[in-house]
Amino acid sequence: MADARILLTGASGFVGPHVVAALLRAGYRLRLAQRRAAPAPAGVETVVIGDLSAPIEWTAALAGIDHVVHMAGLAHAGPGLDEALYRRINTQATLELAGAAASAGVKRLVYLSSIKALSGAFDGPPLAEDAEPAPTDPYGRSKLAAERGLAALDLDWVALRPVLIYGPGVKANMAALVRLARSPLPLPLGGLKAPRSLLAVENLAEAILFALTPACPAGRAYTVSDPEPIGVAEMLAAMRAGLGRSAGLLPLPEPLLRTLARLAGREETFLKLAGSLVARPERLLSAGWRPPAETKAALAELARSARDG
């Protein structure tokens, strides 16, 4: 409900400012839990909690709070990171916060999980929301363990499993794709048509807003993605359209590009964007969630924002 007070964790970084802005527009009052003191928008409270790698005393941060949106965690950082650290930050710290929230009388906790809690695949058949979860790395396992721990608590909770998120400020592979789109050169990527689910950051923010309402049934996990998947060739064409340019794509066969990526030792990076991984948000859509951003229009705006920046 608007005017309720929310404790929000993980407000820094790429996604956080978009979520903060959406919650403020919806009329919520915010308290940001910060690892260290940092500026916040006018009218937004802050509380310094320290690092999630150690236990935190949540009582003061939760005083007067109606809902919690928990986005903080250890991001998917690739191989070599200690699995125990993922468990500590993504699982145990989440459940400590949830337990404190239950004791404080918080009405609902919205947990930002990951599609990696359902599957670690980059390529393959569509992911069904009711499939048995099969995470393949420490990050995905830690997210799934947090979801299962939430289910054991006496607390109204919703877990959101976003797919690859894009929008202004995005980094890593999507930022590299934007740079390709901005290049003046023709690109040999017109054959990359395998569908892939993406998530506009505006749509993620709207999903969080929806998850805070009674219309979103509690006690379950939801895939969050743009309703229609899109291939790399369409992504690039949409971005270049946002720049007022033609697509300029040459149709080299996808198997050839995959082979070249394998020979260059970049097959995993290639599959993260070009592989066919579809995860539709059927549960959210059935409950009444209506994402505001259309994928091609959002990609065009992403390209324009990168150019302006």
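The values are calculated or read from the model by the stated rules, or taken from the named source; none is laboratory data. What you see is a predicted model; the values in this text were computed from it and never measured. Cβ: placed from backbone, ideal geometry, glycine included. Neighbour counts: every protein chain shown.
A few points about this structure:
- Conditions (1) in a helix (DSSP H, G or I); (2) surrounded by fewer than 20 Cβ atoms within 10 Å (Cβ to Cβ); (3) at pLDDT 95 or above; number of the one not met by Gly105: (1)
Each row is one residue, and each column tells you yes or no for (1) on the phi < 0 side of the Ramachandran plot; (2) out of contact with any strand residue (DSSP E or B) (no Cβ under 6 Å at 6 or more places or on another chain); (3) in contact (Cβ under 8 Å) with a residue 12 or more places away in the chain.
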{"position": "Asp66", "(1), (2), (3)": "yes, no, yes"}
{"position": "Ala72", "(1), (2), (3)": "yes, no, yes"}
{"position": "Leu85", "(1), (2), (3)": "yes, yes, yes"}
{"position": "Arg88", "(1), (2), (3)": "yes, yes, yes"}
{"position": "Leu95", "(1), (2), (3)": "yes, yes, yes"}
{"position": "Ala98", "(1), (2), (3)": "yes, no, yes"}
{"position": "Ala102", "(1), (2), (3)": "yes, yes, yes"}
{"position": "Gly105", "(1), (2), (3)": "no, yes, no"}
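- The number of residues in the stretch 22-34 that are assigned to a loop (DSSP other than H, G, I, E, B), of a type outside the set (A, V, I, L, M, F, W, C) and buried (at least 16 other Cβ atoms within 10 Å of the Cβ) comes to 1.
- Whichever residue in the stretch 234-280 is surrounded by fewer than 16 Cβ atoms within 10 Å (Cβ to Cβ) and among the β-branched types (Val, Ile, Thr) and, among such residues, is farthest from Ala175 (Cα to Cα): Thr259
- Verdict on His76 being within 18 Å of Lys143 (Cα to Cα), at pLDDT below 95 and either in contact with a Ser or Thr (Cβ under 8 Å, 6 or more places away or on another chain) or among the hydrophobic types (A, V, I, L, M, F, W, C) (or both): yes
Quick grid of which residues meet (1) more than 17 Å from Gly16 (Cβ to Cβ); (2) in contact with a Leu (Cβ under 7 Å, 6 or more places away or on another chain); (3) modelled with pLDDT under 95:
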position	(1), (2), (3)
Pro133	yes, yes, no
Leu160	no, yes, no
Arg179	yes, no, yes
Leu187	yes, yes, yes
Lys193	yes, no, yes
Pro214	yes, no, no
Arg220	yes, no, no
Ser225	yes, yes, no
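- Which numbered condition Glu45 misses (of (1) closer than 22 Å to Arg108 by Cα; (2) in contact (Cβ under 8 Å) with a residue 24 or more places away in the chain): (2)
- Residue within the stretch 219-241 that is in contact with a His (Cβ under 9 Å, 6 or more places away or on another chain) and touching a residue at least 40 places away in the same chain (Cβ under 8 Å) present: no
- Against the list (1) in contact (Cβ under 8 Å) with a residue 12 or more places away in the chain; (2) at negative phi, the condition Pro184 fails is (1).
- Taking each residue of the stretch 199-215 that is over 12 Å from Val15 (Cβ atoms) and hydrophobic (A, V, I, L, M, F, W, C) and looking for partners that are part of a strand (DSSP E or B) and at pLDDT 95 or above with beta-carbon atoms closer than 7 Å, six or more apart or interchain, yields Ala211/Val110; Ala211/Val158; Ala211/Leu160; Leu212/His67; Leu212/Arg108; Leu212/Val110.
- Checking the stated criteria, Ala218 turns out to be within 26 Å of Ala93 (Cα to Cα), touching a strand residue (DSSP E or B) at 6+ places or on another chain (Cβ under 7 Å) and assigned to a loop (DSSP other than H, G, I, E, B).
- Taking the criterion of being over 22 Å from Glu282 (Cα atoms), of a type in the set (Ser, Thr, Tyr) and touching a strand residue (DSSP E or B) at 6+ places or on another chain (Cβ under 9 Å), the only residue of the stretch 107-152 that qualifies is Thr136.
- Scanning the stretch 37-92 for residues that are among the acidic types (Asp, Glu) and either surrounded by fewer than 16 Cβ atoms within 10 Å (Cβ to Cβ) or assigned to a strand (DSSP E or B) (or both) returns Glu45, Asp51, Glu57, Asp82, Glu83.
- Members of the stretch 277-299 that are closer than 17 Å to Val158 by Cα and of a type in the set (Asp, Glu): Glu282
- Residue within the stretch 281-297 that is at pLDDT 95 or above, surrounded by fewer than 20 Cβ atoms within 10 Å (Cβ to Cβ), acidic (Asp, Glu) and within 25 Å of Phe14 (Cα to Cα) present: yes
- Looking only at the stretch 114-165, and only at residues there that are in contact (Cβ under 8 Å) with a residue 40 or more places away in the chain and of a type in the set (Lys, Arg), the one that is nearest to Glu83 (Cα to Cα): Arg141
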